[in-house]
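Let me begin by presenting the structure, written as structure tokens, before commenting on it.
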Amino acid sequence: MMVKDWQGIRILAVHAHPDDEAITTGGLLAQAVARGATATVVTCTLGEEGEVIGEPMQQLVVDEADQLGGYRYFELVAALAELGVNGADHQPVLLGGVGHFRDSGMAGSAAHDKPRALVNAGDRAVAELVQVLRDYQPQIVVTYAPDGGYGHPDHIAAHRMTHAAVAQLVAEAAISDTADAYAPQRIYWTITSQQRQDAALADLDTIPEQWQRADGQLAALPETAEDIIFGLDDEAVAAKVAAMRAHATQIWIADGLPTRTNPDIAVGQVADGGHALGMWALSNRLAQPVMRHEVYRLGFDASGAESVADFVEGIARD
């Protein structure tokens, strides 16, 4: 049985689109809940501009029916349930409400011109996130690094709004006359370690037919001594992969199982190097490894610390 040593810890993850929560932070979130923490995912858009894996749902995309966002909402519900987050009913928390902000697409996309695009939200998105933070009062907030992980404009917007919202609450708490004024204590950035990714990519032994090796094509950052290397137990890895599978229009797991949206199967094998535990791909079919670790970088600490030795070290609990 997992020791409940994170009781009294509240974590809130700010993500741009459905599936980001599983791919980048799924292991942390599942393991945090297992250790007694409360974990909440805030999703900024419905990922309306995404592509679709599998022939049956191809016409959901923006240039056809433009119904992908509504479908992805229910994929998100299933993924949150697999991770055990967002309370007992695992309902999504959409920034501003369901459909309030829209997926902006990649850099240069015509989607940037749409009024509801997240890249155009500015102070409106910050105000919405401030209210969410007040409602849930997490001590720890998790989002992307300044580059958004791989440069996606919505990831960068999520990073900026998170820091702006936390800064506003910290400033308000500093001048408040009440002893219970709330402000988050810490921000972490989810990053991909170049060293760990390279080692795991080398463990991808047999790539599924029509997939490609991703060597040199995936964004990552050099690992530093200050990074938190968050090890995942078997249960957290299984929950993360199950949550990724729930986003079947976006993620393809190479384990030989079909999904509702993709009847085609993919089978891959990993070497026994200990770095890769499985294999998955987005619609680009670049094979990526399931890894035993997630990596986090300290983005803000209320005490002024520049590094911490443990994810919850120094966090004041209720």
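Before moving on, here are some points about what is shown:
- Residue list for region 194-230, restricted to those being assigned to a loop (DSSP other than H, G, I, E, B) and aromatic (F, W, Y): W211
- Among the numbered conditions (1) among the aliphatic types (A, V, I, L, M); (2) closer than 19 Å to H293 by Cα; (3) part of a loop (DSSP other than H, G, I, E, B), the only one that A238 does not meet is (3).
- Pair list, Cβ < 9 Å and 6+ apart or interchain, from region 171-189 residues that are farther than 16 Å from Q137 by Cα to residues that are buried (at least 16 other Cβ atoms within 10 Å of the Cβ) and charged (D, E, K, R): W189/R297
- Members of region 46-100 found to be charged (D, E, K, R), surrounded by 20 or more Cβ atoms within 10 Å (Cβ to Cβ) and out of contact with any Lys or Arg (no Cβ under 7 Å at 6 or more places or on another chain), listed by number: E49, R72, E75, E82
- Some residue of region 30-45 being within 22 Å of T259 (Cα to Cα) and either buried (at least 19 other Cβ atoms within 10 Å of the Cβ) or without any contact (Cβ under 8 Å) to a residue 40 or more places away in the chain (or both): no
- Leading residue by the ranking (least open to solvent (accessible area, probe 1.4 Å)) among those in region 111-120 that are out of contact with any Phe, Trp or Tyr (no Cβ under 6 Å at 6 or more places or on another chain) and assigned to a helix (DSSP H, G or I): A111
- Evaluated against (1) out of contact with any Leu (no Cβ under 9 Å at 6 or more places or on another chain); (2) surrounded by fewer than 22 Cβ atoms within 10 Å (Cβ to Cβ); (3) modelled with pLDDT of 95 or more; (4) over 23 Å from D264 (Cβ atoms), V3 falls short on exactly one condition, (3).
- Against the test of being in contact with a Pro (Cβ under 6 Å, 6 or more places away or on another chain) and among the aliphatic types (A, V, I, L, M), the options A305, A276 yield a single qualifying residue, A276.
- Within region 295-318, the set of residues being over 29 Å from H275 (Cα atoms) and either among the basic types (K, R) or part of a loop (DSSP other than H, G, I, E, B) (or both) comprises A302, S303, G304, A305, G314, I315, A316, R317, D318.
- Residues in region 6-29 that are open to solvent by 10 Å² or more (accessible area, probe 1.4 Å) and over 18 Å from V241 (Cα atoms): Q7, G8, R10.
- Checked against the criterion of being surrounded by fewer than 20 Cβ atoms within 10 Å (Cβ to Cβ) and over 18 Å from the mean Cα position of the chain (by Cα), the candidates A266, A287, A238, A302 yield just one match: A302.
- Scanning region 121-155 for residues that are part of a helix (DSSP H, G or I) and open to solvent by less than 70 Å² (accessible area, probe 1.4 Å) turns up A125, V126, A127, E128, L129, V130, V132, L133, P153, D154, H155.
- Residue in region 96-110 that is part of a helix (DSSP H, G or I) and modelled with pLDDT under 95 present: yes
The values are calculated or read from the model by the stated rules, or taken from the named source; none is laboratory data. These numbers come from a predicted model, not from an experiment. All Cβ positions, even for glycine, are placed from backbone atoms using ideal geometry, and neighbour counts span all protein chains on display. Each accessible area value is taken on the protein alone, full model and side chains, heavy atoms only, with ligands, DNA and RNA left out. Shrake-Rupley method; radii C 1.70, N 1.55, O 1.52, S 1.80 Å.
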